[in-house]
Amino acid sequence: MPRQLISSGSPFEAQVGYSRAVVQGDWCFVAGTTGTDPETKTMPDDVVAQGRNALKVIGKALDDAGFSFADVVRVTYYITDAAYWDVMGDIAGPVFGDIRPAASCVIAGLVKPDMKIEIEVTAFKG
(Lines give C-alpha, C1' and ligand atoms only; values in the text may rest on other atoms or scores of the structure.)
Protein backbone atom coordinates (compact mmCIF):
# COMPACT_ATOMS: atom_id res chain seq x y z
CA MET A 1 0.00 0.00 0.00
CA PRO A 2 1.49 3.37 -1.00
CA ARG A 3 2.32 6.04 1.55
CA GLN A 4 -0.30 8.80 1.83
CA LEU A 5 0.75 12.28 2.96
CA ILE A 6 -1.84 14.47 4.70
CA SER A 7 -1.35 18.24 4.75
CA SER A 8 -3.06 20.79 6.96
CA GLY A 9 -1.94 23.63 4.70
CA SER A 10 0.57 25.02 7.19
CA PRO A 11 3.40 26.89 5.46
CA PHE A 12 5.79 25.14 7.85
CA GLU A 13 5.09 21.77 6.22
CA ALA A 14 6.87 22.73 2.99
CA GLN A 15 9.38 24.99 4.73
CA VAL A 16 10.55 22.37 7.23
CA GLY A 17 9.72 19.29 5.15
CA TYR A 18 7.06 17.35 7.04
CA SER A 19 3.45 16.24 6.73
CA ARG A 20 0.67 16.80 9.26
CA ALA A 21 0.11 13.06 9.03
CA VAL A 22 1.46 10.05 7.18
CA VAL A 23 -0.59 6.95 6.46
CA GLN A 24 1.34 3.75 5.88
CA GLY A 25 -0.81 0.64 5.60
CA ASP A 26 -3.02 0.34 8.68
CA TRP A 27 -1.09 3.04 10.54
CA CYS A 28 -1.51 6.81 10.74
CA PHE A 29 1.20 8.93 12.33
CA VAL A 30 0.15 12.50 13.16
CA ALA A 31 2.94 15.03 13.64
CA GLY A 32 3.35 17.03 16.81
CA THR A 33 0.63 19.68 16.76
CA THR A 34 0.59 22.88 18.77
CA GLY A 35 -2.36 25.03 19.81
CA THR A 36 -2.75 27.62 17.08
CA ASP A 37 -6.44 28.23 16.48
CA PRO A 38 -7.15 26.61 13.09
CA GLU A 39 -9.63 29.34 12.07
CA THR A 40 -8.01 32.56 13.34
CA LYS A 41 -4.38 31.36 13.11
CA THR A 42 -3.73 32.93 16.53
CA MET A 43 -2.21 31.30 19.60
CA PRO A 44 -4.39 31.59 22.72
CA ASP A 45 -2.69 32.28 26.05
CA ASP A 46 -4.49 29.45 27.86
CA VAL A 47 -3.01 25.92 27.79
CA VAL A 48 -6.47 24.32 27.77
CA ALA A 49 -7.50 26.34 24.71
CA GLN A 50 -4.19 25.48 23.04
CA GLY A 51 -4.68 21.78 23.76
CA ARG A 52 -8.22 21.79 22.42
CA ASN A 53 -7.06 23.56 19.25
CA ALA A 54 -4.30 21.00 18.77
CA LEU A 55 -6.84 18.20 19.10
CA LYS A 56 -9.11 19.89 16.51
CA VAL A 57 -6.26 19.94 14.00
CA ILE A 58 -5.33 16.34 14.86
CA GLY A 59 -8.96 15.25 14.50
CA LYS A 60 -9.15 16.77 11.03
CA ALA A 61 -5.89 15.12 9.99
CA LEU A 62 -7.16 11.76 11.23
CA ASP A 63 -10.44 12.26 9.38
CA ASP A 64 -8.65 13.29 6.16
CA ALA A 65 -6.61 10.09 6.47
CA GLY A 66 -9.69 7.90 6.99
CA PHE A 67 -9.10 7.42 10.72
CA SER A 68 -10.74 8.74 13.87
CA PHE A 69 -9.81 9.35 17.49
CA ALA A 70 -11.22 5.88 18.24
CA ASP A 71 -8.29 4.45 16.25
CA VAL A 72 -5.62 6.23 18.34
CA VAL A 73 -3.38 3.74 20.14
CA ARG A 74 -0.66 6.15 21.33
CA VAL A 75 -0.57 9.81 22.35
CA THR A 76 2.34 11.92 23.51
CA TYR A 77 1.88 15.26 25.25
CA TYR A 78 4.69 17.80 25.43
CA ILE A 79 4.04 20.54 27.96
CA THR A 80 6.29 23.43 28.95
CA ASP A 81 5.32 23.49 32.63
CA ALA A 82 4.60 20.55 34.94
CA ALA A 83 1.67 22.51 36.38
CA TYR A 84 -0.17 22.01 33.09
CA TRP A 85 -0.55 18.33 33.97
CA ASP A 86 -3.24 19.40 36.44
CA VAL A 87 -5.53 20.47 33.56
CA MET A 88 -4.73 17.61 31.19
CA GLY A 89 -8.11 16.04 31.99
CA ASP A 90 -9.83 19.18 30.68
CA ILE A 91 -7.86 18.89 27.43
CA ALA A 92 -7.68 15.16 26.76
CA GLY A 93 -10.49 13.72 28.86
CA PRO A 94 -13.35 14.62 26.51
CA VAL A 95 -11.50 13.09 23.54
CA PHE A 96 -9.61 10.13 24.99
CA GLY A 97 -11.57 9.29 28.16
CA ASP A 98 -13.17 6.13 26.80
CA ILE A 99 -10.52 5.36 24.17
CA ARG A 100 -7.65 5.27 26.68
CA PRO A 101 -4.64 5.06 24.34
CA ALA A 102 -1.16 4.45 25.74
CA ALA A 103 0.14 7.89 26.72
CA SER A 104 3.28 9.75 27.72
CA CYS A 105 3.80 13.30 28.92
CA VAL A 106 7.11 15.11 28.60
CA ILE A 107 8.07 18.47 30.11
CA ALA A 108 9.98 20.26 27.34
CA GLY A 109 10.70 23.58 25.73
CA LEU A 110 8.79 24.17 22.50
CA VAL A 111 9.78 26.09 19.36
CA LYS A 112 8.14 29.39 20.36
CA PRO A 113 7.69 30.83 23.85
CA ASP A 114 3.91 31.26 23.48
CA MET A 115 3.48 27.52 22.81
CA LYS A 116 2.47 25.65 25.97
CA ILE A 117 1.51 22.22 24.62
CA GLU A 118 2.21 19.99 21.65
CA ILE A 119 0.36 16.73 21.01
CA GLU A 120 1.18 13.85 18.65
CA VAL A 121 -0.76 10.65 18.05
CA THR A 122 -0.41 7.30 16.35
CA ALA A 123 -3.52 5.51 15.11
CA PHE A 124 -4.03 1.93 13.93
CA LYS A 125 -6.78 0.19 11.98
CA GLY A 126 -6.44 -3.49 11.76
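Observations on the structure shown:
- Some residue of region 24-42 being over 17 Å from residue 79 (Cα atoms), touching a helix residue (DSSP H, G or I) at 6+ places or on another chain (Cβ under 7 Å) and surrounded by fewer than 18 Cβ atoms within 10 Å (Cβ to Cβ): yes
- Single unsatisfied condition, residue 57 versus (1) within 20 Å of residue 12 (Cα to Cα); (2) touching a Pro at 6+ places or on another chain (Cβ under 6 Å); (3) surrounded by fewer than 18 Cβ atoms within 10 Å (Cβ to Cβ): (3)
- Strands (runs of 3 or more DSSP E) wholly inside region 16-126 containing at least 3 residues that are more than 22 Å from residue 6 (Cβ to Cβ) and touching a residue at least 60 places away in the same chain (Cβ under 8 Å): none
- Failed condition for residue 111, given (1) surrounded by fewer than 16 Cβ atoms within 10 Å (Cβ to Cβ); (2) at pLDDT 95 or above; (3) of a type in the set (A, V, I, L, M): (2)
- Residue 116 satisfies every condition listed in (1) touching a Ser or Thr at 6+ places or on another chain (Cβ under 7 Å); (2) within 17 Å of residue 44 (Cβ to Cβ); (3) open to solvent by 50 Å² or more (accessible area, probe 1.4 Å) except (3).
- The conditions of being under 26 Å from residue 16 (Cβ atoms) and more than 14 Å from the chain's Cα centre (by Cα) are not met by residue 86.
- For region 91-108, residues that are open to solvent by 80 Å² or more (accessible area, probe 1.4 Å) and either on the phi > 0 side of the Ramachandran plot or in contact with a Gly (Cβ under 8 Å, 6 or more places away or on another chain) (or both) total 1.
- Residues located in region 19-34, provided they are under 24 Å from residue 49 (Cβ atoms) and among the hydroxyl-bearing types (Ser, Thr, Tyr): 33, 34
The values are calculated or read from the model by the stated rules, or taken from the named source; none is laboratory data. What you are looking at is a predicted structure, and each value in this text was computed from that prediction instead of being measured. Every residue, glycine as well, gets a Cβ built from its backbone with ideal geometry; the counts of neighbours run over all protein chains shown. Please note that ligands, DNA and RNA were not included when accessible areas were found on the heavy atoms of the full protein model with its side chains. Shrake-Rupley method; radii C 1.70, N 1.55, O 1.52, S 1.80 Å.
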